[in-house]
1. Of all residues in the stretch 36-62, which are charged (D, E, K, R) and modelled with pLDDT under 95?
2. Identify, by number, the condition in (1) in contact with a helix residue (DSSP H, G or I) (Cβ under 9 Å, 6 or more places away or on another chain); (2) at pLDDT 95 or above; (3) buried (at least 17 other Cβ atoms within 10 Å of the Cβ) that Thr12 doesn't meet.
3. Is there a residue being modelled with pLDDT of 95 or more, part of a loop (DSSP other than H, G, I, E, B) and acidic (Asp, Glu) anywhere in the stretch 102-114?
4. Which condition breaks for Glu7 when tested against (1) within 20 Å of Ser101 (Cα to Cα); (2) out of contact with any strand residue (DSSP E or B) (no Cβ under 6 Å at 6 or more places or on another chain)?
5. What number goes with the only condition from (1) assigned to a loop (DSSP other than H, G, I, E, B); (2) on the phi < 0 side of the Ramachandran plot; (3) not basic (Lys, Arg) that Gly57 does not pass?
6. Between Gly42, Gly24, which is at negative phi, among the small types (Gly, Ala, Ser), loosely packed, with under 13 Cβ neighbours inside 10 Å and over 14 Å from the mean Cα position of the chain (by Cα)?
7. Being more than 21 Å from Lys119 (Cα to Cα) and basic (Lys, Arg) is the filter; apply it to the stretch 54-83 and report the residue that is farthest from the chain's Cα centre (by Cα).
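The values are calculated or read from the model by the stated rules, or taken from the named source; none is laboratory data. Quick caveat: nothing in here was measured; it's all calculated off a predicted structure. Here the Cβ positions follow ideal geometry from the backbone for every residue, glycine too, while neighbour counts run over all protein chains shown.
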Amino acid sequence: MKILIVEDDERTILDLKSILTELGHNIVKIASSGEEAIQDAGDLNPDLIIINIKLKGQMSGVEAAHKIEDLYKIPIIFLTVFIKNCLNKSLQLPDDAVVLSKPIKRDHLEYCIWRVFNK
């Protein structure tokens, strides 16, 4: 599966790259901003995007994800250090949003990938 990672934390990027490679997935690019994520989603047409809710720069991961959903309909997993129930209302995530907590654990990532394609 082709995966676009949108993250600005080096430790999280290393964890994701390691686990996703072990699982046999192809990381097409690492983007670090919402604007870059939108551009890359259109240019690279990934099968899945894993995006940090909070990114540096003008646009949050949530804003970028909404635009990507509208434009390209690519499945998205949100990354965060917070608990999902606190996020859905405060950040206006959809009720069925797939959220992966940091630090990344292999079994949680595998479940999130399964979940995003079986909503």
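1. Lys54, Lys56
2. (1)
3. Among the residues of the stretch 102-114, not one is modelled with pLDDT of 95 or more, part of a loop (DSSP other than H, G, I, E, B) and acidic (Asp, Glu), which makes the answer no.
4. Only one criterion is unmet by Glu7, namely (2).
5. All conditions pass for Gly57, except number (2).
6. Numbers: Gly24 fails: at negative phi.
Only one candidate passes the filter, namely Gly42.
7. Lys56
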